[in-house]
1. Checking the condition part of a strand (DSSP E or B), touching a residue at least 12 places away in the same chain (Cβ under 8 Å) and within 25 Å of the chain's Cα centre (by Cα), which residue from Val112, Val153 passes?
2. Within the set of pairs 6 or more residues apart or between chains, which connect a residue that is β-branched (Val, Ile, Thr) inside region 64-81 to a residue that is surrounded by fewer than 19 Cβ atoms within 10 Å (Cβ to Cβ) and in a helix (DSSP H, G or I) with Cβ atoms less than 6 Å apart?
3. Filter region 96-109 down to residues that are hydrophobic (A, V, I, L, M, F, W, C), surrounded by fewer than 22 Cβ atoms within 10 Å (Cβ to Cβ) and part of a strand (DSSP E or B), then give me how many there are.
4. Looking only at region 115-132, which residues are buried (at least 17 other Cβ atoms within 10 Å of the Cβ) and assigned to a loop (DSSP other than H, G, I, E, B)?
5. Name the residue that is surrounded by the fewest Cβ atoms within 10 Å (Cβ to Cβ), counting only residues in region 2-23 that are in a loop (DSSP other than H, G, I, E, B) and small (Gly, Ala, Ser).
6. What are the residue pairs meeting all of these: first residue in region 1-22, first residue assigned by TED's automatic domain parsing to the domain that holds Leu294, second residue part of a helix (DSSP H, G or I) and among the hydroxyl-bearing types (Ser, Thr, Tyr), Cβ atoms under 7 Å, and 6 or more apart or on different chains?
7. If only one of Glu103, Glu183 is in contact with a helix residue (DSSP H, G or I) (Cβ under 6 Å, 6 or more places away or on another chain) and of a type outside the set (Phe, Trp, Tyr), which one is it?
Amino acid sequence: MYDIAIVGAGPAGSTMARLLGDRYRVLLVDRRRLDLDPSAGALKKPCGGLLAPATQRELARQGLGVPARVVVGPQLFAVRTLDLDAGLTSLYQRFYVNVEREEFDRWLVSLVPPRVELGFGWRLTHFERDFTRSFLRFTTAEGGQAGVSSRLVVGADGASSLVRRLAFPDAPTPSRYSAIQAEYENSSSDASYGAIFDASLTDFYGWTIPKGDTLTIGAAFPAGRGAPAGFEALVDRLRQSGMRFGTRLSRSSAMIARPTSLFQLCPGAGGVLLAGEAAGFISPSSAEGISYALKSAACLGRALYPGLDGAGARYRSATWPLALDVGAKALKSRAIYGASTRRLIMRSGVGAIHSQPSAPGVPAAGFAP
């Protein structure tokens, strides 16, 4: 029997395994084959792969520095905000680190102590709990079955967390969005990241991120069958606005959460705890989740330092600052996604390096080489 079974080996799960692996008997599982080199057709996490300042601070606090193999060029210092409905564009200085997300996750996994047992390519199929332990069943990478019992289960399995759904079926859930992302041949010389607003397609936003000789285009749409069509419409509108990119190379999708109330956060209780996006810890304004994943994992590590008994209460107490931060970002999102307030801010030029109107169908500044 394990002391701790962690479902999900993204930034939250791998960080917990790193912090706890030398103190407890830990099992870390993930649907992805993080023990193998990435290959065409392999399951990947759709993510822009930008490390925000909050993520950088938490990595520094944990004594970590990102290795060169994780970083990808170009390293840019501005975000171009484009309101396609109003024909407005503004440039804002921002400080992100551009990384390859899959390499980032594999790097974090490489830091896990050797004594942690790994189950990569495993999918959770069954979960139940009695008074002292949980029973889990997985389908392995080879197609077999693996039965596991553990004193504590940690769900770090993202917005569609099966652990959360099975252990806390009555917990209020955040709004769910379908994030679709594709890589294209890059033929633009624009030296900025992009944030795109188009209320006719989504009440969230889209993004453009140059990575080497490719351009990543992504967007989040309310969950439903219309998301793929919405993505294709967004790509068409970007081309019409003057943005230049070539042939599509790949596409992926995943669910993301967007909490609008503190009641939708669920750090767990008893012998089942949740971390990162599975708990609802993600920015409702930007969908940035890596910093919350790292921070919630650190909170759980501190909560478990004295032992398993009482860890749930200590963890819930430790994550209150994260919950309040999510609440503040929910208020911020009302200004960002309220069309009138966003356009007022953009037209005012407050905080912008450069701001100008751009009529629909006319190339936005910086989009054309």
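The values are calculated or read from the model by the stated rules, or taken from the named source; none is laboratory data. Remember, it's a predicted structure, so these values are computed and weren't measured experimentally. Every residue, glycine as well, gets a Cβ built from its backbone with ideal geometry; the counts of neighbours run over all protein chains shown.
1. Working: Val112 fails: part of a strand (DSSP E or B).
Within the list Val112, Val153, the selection yields Val153.
2. Between residues of region 64-81 that are β-branched (Val, Ile, Thr) and residues that are surrounded by fewer than 19 Cβ atoms within 10 Å (Cβ to Cβ) and in a helix (DSSP H, G or I), the close pairs are Val70/Glu103; Val70/Trp107.
3. 1
4. Val116, Gly121, Trp122
5. Applying the first criterion (in a loop (DSSP other than H, G, I, E, B)) to region 2-23 yields 8-10, 21-23.
Then keep just the ones that are small (Gly, Ala, Ser); that gives 8-10, 21.
Working: Gly8: 29, Ala9: 29, Gly10: 28, Gly21: 20.
So, considering only residues that are in a loop (DSSP other than H, G, I, E, B) and small (Gly, Ala, Ser), the one surrounded by the fewest Cβ atoms within 10 Å (Cβ to Cβ) is Gly21.
6. Ala12/Ser296
7. Working: Glu183 fails: in contact with a helix residue (DSSP H, G or I) (Cβ under 6 Å, 6 or more places away or on another chain).
Matching residue, one of Glu103, Glu183: Glu103.
Listed here are the residues, each with its yes/no results for (1) in contact with a strand residue (DSSP E or B) (Cβ under 8 Å, 6 or more places away or on another chain); (2) in a loop (DSSP other than H, G, I, E, B); (3) outside the structural domain of Gln75 (by TED's automatic domain parsing); (4) surrounded by fewer than 21 Cβ atoms within 10 Å (Cβ to Cβ).
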| position | (1), (2), (3), (4) |
| --- | --- |
| Val163 | yes, no, yes, no |
| Leu166 | yes, no, yes, yes |
| Pro169 | no, yes, yes, yes |
| Gln181 | yes, no, no, no |
| Glu185 | yes, no, no, yes |
| Ala191 | yes, yes, no, yes |
| Gly194 | yes, no, no, no |
| Ala199 | no, yes, no, yes |
